[in-house]
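> Okay, handing you the structure first.
Each reported figure results from applying straightforward, stated rules to the coordinates on display, with no laboratory input. From a predicted model like this one, the values you see are computed outputs, not experimental measurements. When we count neighbours, we look across all protein chains shown, and the Cβ atoms used for this are built from the backbone with ideal geometry, even at glycine.
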Amino acid sequence: MAEWHQKTHDDYRRKGLANRMGFGKRPALLVVDFINGFTDPSTPLGGDFTDEIAATKRLLDAFRSDGLPVIYTTIAYEPDLRDAGMWVKKVPSLAILTKGSRMVEVDDRIRPAYAERVIEKKFASAFFGTDLDAHLKGQSVDTVVMAGCTTSGCIRSSAIDAIQSGYFSIVVRDAVGDRAPGPHEANLFDIDAKYGDVLPSSEVLETLQSLSAAGGPEADARADFRRWWDAQAESASDG
C-alpha cells in the first residue's frame, strides 16, 4: 500500500469510514461490461483485461457450481445514437457500441451460460434505467459481487447504486480493471472507503464456500438443479 493510501486509510478509519459490511445470505455475481468493445485493446475504449477475465472465470465457475445467480451487462446503442444521451457527447468513442455489433457482445472467454441474463444499459450504472434491481429482488439476492470494467466508471457507479438499493456491495479487486492504473487504484480505494468492500477473489471464493456449507440441503438442491439445467442446455445445443 502506497504511503498516502495508508495515511488516508488510517485517517478515514479514525473518522468512521472504511468499515466492513460483509456478505448477506444470497449473493449474485454481476459481470459489468466485459464486452469486446472494452476487452479488445485495439478499440478506442479497450484495455488488456486478461488477468481480470481469468479471475472472473474462477468466480463464474464457483457461482454456477453453487447454483447462484449470474448477470451480465452490456452497453448498446441505436445506430443514430438517439438513446446515448449526453454521455456520448462527453465520450464520443461510445459510438462504437452499436446494437447488433461484435463490440457489444460479451467476451467469448466468459460468455454467458444458457439462461444467464445479459442486461442492456445505456449509461454507467448497471442499475440506472434497467430492471436489475427487480431481477435481483425476484431471486432473493441480498449481495451483489462485482467483476468487470471500468473501475472508475461502470464499476464505481454500480457499486454506489448497489449500496443505495440496499445490497451488500462487493467489488472483486483482481476481477475489475481500468485503462490506466491511477484511476483504477484511486477508485478502488474510494469504493472501499465509502460504497462497498473491495476484496480479492480468493477471499470471495472462501466466503462462497462457507455460505454453501451453511446452506445445507437447500444449497445442494440448487446446485443439483443447476447442473441438470446446464446439461439440458448442452444437450439441446448439440442436437
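> By the gyration tensor of its Cα atoms, with a ≥ b ≥ c the square roots of the eigenvalues, what is the shape of the range 34-86: rounded for a/c under 1.5, prolate for a/b over b/c, or oblate?
Taking the square roots of the gyration eigenvalues as a ≥ b ≥ c, the range 34-86 is oblate.
> Here is a follow-up. Can you sort Ser140, Ser101, Ser125 so the residue with the fewest Cβ neighbours within 10 Å comes first?
Taking fewest neighbouring Cβ atoms as first place, the list is Ser140, Ser101, Ser125.
> Take Tyr195, Tyr114 and order them by how many other Cβ atoms sit within 10 Å, fewest up front.
So the residues, fewest neighbours to most, are Tyr114, Tyr195.
> Further, regarding this structure: May I ask what percent, to the nearest 5, of DSSP beta bridges between residues of the chain are antiparallel?
Approximately 5 percent, going by the DSSP bridge assignments.
> In what sequence, highest mean first, do 149-159, 174-184 appear when ranked by Cβ atoms within 10 angstrom?
Packing order, densest peptide first, comes out as 149-159, 174-184.
> With contacts defined as alpha carbon pairs under 8 Å and 6 or more residues apart, what's the relative contact order of the chain in percent?
25
> Something else about it: When the dipole is taken about the Cα centre of the chain, and only Lys, Arg (+1) and Asp, Glu (-1) are charged at their Cβ, what size is it in debye, to the nearest 20?
620
> Quick one: how many lysine pairs in the chain have C-alpha atoms under 30 angstrom apart, if they're 8 or more apart or on different chains?
29
> Shifting gears a bit: Determine, for Met21, Met86, the number of other Cβ atoms within 10 Å of each Cβ, and report the residues in order from fewest to most.
Ordered from fewest to most neighbouring Cβ atoms within 10 Å, Met21, Met86 come out as Met86, Met21.
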